[in-house]
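Note sheet for the following structure.
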Amino acid sequence: MRLKWRPPRSFVVMSAIGSFVGGVVIFKDILGGGNYNGPEELEGKTVIITGANTGIGRETAHEMARRKARVIMACRDLEKCKEARKDIVLDTKNKKVACWVCDLASQESIRNFAKRVNEEESRLDILVNNAGVMRCEQSVTKEGIELQLGTNHMGHFLLTNLLLNKLKESAPSRIINVSSVAHTRGKINFEDLNSANNYDAADAYAQSKLANILFTLELAQRLKGTGVTSNAVHPGIVNTDLSRHMSIAKSWIAAVFARPILWLFLKTPRQGAQTTIYAALSQDLQAVSGKYYSNQEETELSKDAQDMAAARRLWAISEHWTRLS
């Protein structure tokens, strides 16, 4: 009489757990969208990425380095940037990765950074305006501009304009502004643009992300015929340090109950970087400008984001506040 072999209960349990974990990982990967796998190599090209020491910016820098670009990581914290650079260089074997100080909350720092680029770099092929702050307590930049508007929009507005000649000289070249779906909730409050009379962290953030879009569209109009394109992206809802000021990031209750569930639906920084990488590299977008992308697809803008009169008005104010005019 032959006895049937039955696996130990512990084996069955471990197999079930393994299958469940594997299923969760696959589900999260599908939700996060696919990787950009275009064939582009960037040997001889230069890429600047703001906020490149962490999160989406770091993943973008890593991918550009992997494709053999010269990468300038423009960061406020030079020590953190050097740590990130070390990992990128070790993994990609690309030593053409540099850490330069650029604090988007200081127009003096931005001007110093841009001056160095214009004097030391022979070309600039891709500018990724990625750095940002979200839903922080009311505070201002060194120039007295509300921090979210000042960093997310005004800082990148100034930086981009100071580097435009270098981008034009290197054409075809690209500018990618990292915005957010939060722009759909945004309003440009021209009566209190600096949120001095009534500050709401979420509203100020949404306003800054809408400003990113309006800047992108107006810039695209001004760059027609130059070979320089300007597009915006929504990276998705990504698990990065950007959310550190939100209440859920500070609550132990959320840490125990909410975060494990949210983790399943949040993109990883690598997943969040894919649309930025797509907009920066895809040959399909070589001559495309003034568009907004999410999950590597063109996405519809809110009505306020298509207000070109508001875009022109915001541009004029931005020139004044950054002393470009």
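Taken together, the values in this text are just the output of simple stated rules run on the coordinates, not laboratory data. This structure is a prediction, so every number in the text was calculated from the model and none was measured. Here Cβ is always computed from backbone atoms with ideal geometry, including for glycine, and neighbour counts include all displayed protein chains.
Brief remarks on what is shown
- Taking the average, over residues, of other Cβ atoms within 10 Å as the packing measure, peptides 213-223, 161-171, 272-282 rank 272-282, 213-223, 161-171 from highest down.
- Region 72-206: C-alpha gyration tensor shape, a/c 1.5 cut-off, then a/b vs b/c: prolate
- Nearest-0.05 FRET efficiency for Y199 and E119, computed from C-beta distance (R0 30 Å): 0.20
- With the simple spin-label model, which puts each label point 7 Å out from Cα in the Cβ direction, the K82 to S282 separation comes to 3.9 nm.
- Q138-F190 pseudo-label distance in nm [points 7 Å out on the Cα-to-Cβ vector]: 2.4 nm
- Cα-based reach from K45 at 18 Å (exclusive), listing lysines while leaving out same-chain residues under 8 positions away: K68, K93, K95, K96, K166, K168
- Peptides 57-67, 118-128 ordered by packing proxy, namely the average of other Cβ atoms within 10 Å per residue, highest first: 57-67, 118-128.
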